[in-house]
Amino acid sequence: MKFLDLTLPTAAQNLALDQALLDEAEQSETSEDVLRIWEADHPMVVVGRSSRVHQEVIASACRRDGVPILRRTSGGASIVAGPGCLMYAVVLSSRRQPELRTIDHAHRFVLERIATALRQLVPDVARLGISDLTRGNRKFSGNSLRCQRHHILYHGTILYEFPIQWLSRYLQTPPRQPDYRRQRGHEQFVDNFPASRTAIIQVLKTAWHADNPLESWPERRVAQLVAERYSQPNWNLRL
């Protein structure tokens, strides 16, 4: 697997790069799987592909604080990212692993590998809900996926030094909740994973056998996606 540790200057570019890596893989008959790591240097809200901003986001606070609201290409609920929130993405071939075309298997395949890796640092990591990683029934990682014909994009968050109070500042109580949340507020439900950024990245690279750097990335496709989608209010806010 190839490895890319790259954070681009803007929130829109970073979301576009995840999709561009998926698009590039779809266009190739011989693409290698990719693990990408990035981390935004300012807070940002990212809503799911089908999310309704008015139901999930406190847009007035985002406007007041200059926090951008963007929409990703995968499903799931809204998140807040920023410093202390490690973002990862894997692009995997369903030609080589046809079982990844089944959504339940894709969740299980990716999250069990990540959970196993993180247990080397902290032993009590569990998978709960559809796509959460937890410790002691408190979530530190949310994840989602996008399926194409021959590849999947699976990406998510790992909170490690994140200001948890940003969640209640910028997000409403989600309209859909896993049973194990038990109606807890953001600050009672979410916690940081107690390990360093460097240690987390190292165990992820080892788990995915991401030994070789990705020498180039699809810059033109990123620019196109930013112009046509991720910089557009009609996409991000569904106006």
Going by the structure shown, is Lys139 out of contact with any Cys (no Cβ under 8 Å at 6 or more places or on another chain), among the charged types (D, E, K, R) and crowded, with 19+ Cβ neighbours inside 10 Å? yes
I need the full set of residues from the range 7-39 which are out of contact with any helix residue (DSSP H, G or I) (no Cβ under 9 Å at 6 or more places or on another chain) and either among the small types (Gly, Ala, Ser) or surrounded by fewer than 17 Cβ atoms within 10 Å (Cβ to Cβ) (or both), in order please. Pro9, Ala25, Glu26, Gln27, Ser28, Glu29, Thr30
Can you name every one of the strands (runs of 3 or more DSSP E) wholly within the range 125-171 that holds 1 or more residues which are touching a strand residue (DSSP E or B) at 6+ places or on another chain (Cβ under 8 Å), more than 26 Å from Ala20 (Cβ to Cβ) and among the β-branched types (Val, Ile, Thr)? 125-128, 132-135
Scanning the range 75-92 residue by residue, the ones that are of a type in the set (Ser, Thr, Tyr) and either over 9 Å from the mean Cα position of the chain (by Cα) or surrounded by fewer than 22 Cβ atoms within 10 Å (Cβ to Cβ) (or both) total 1
Count of the range 85-126 residues which are under 20 Å from Gly75 (Cα atoms) and either touching a Gly at 6+ places or on another chain (Cβ under 6 Å) or in contact (Cβ under 8 Å) with a residue 24 or more places away in the chain (or both): 18
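We did not get these values from a lab; they are worked out from the coordinates using the rules stated. Predicted, not measured: the structure shown is a model, and the values here were computed from it. For neighbour counting, all protein chains shown are included, and Cβ atoms are generated from backbone atoms with ideal geometry for every residue, glycine included.
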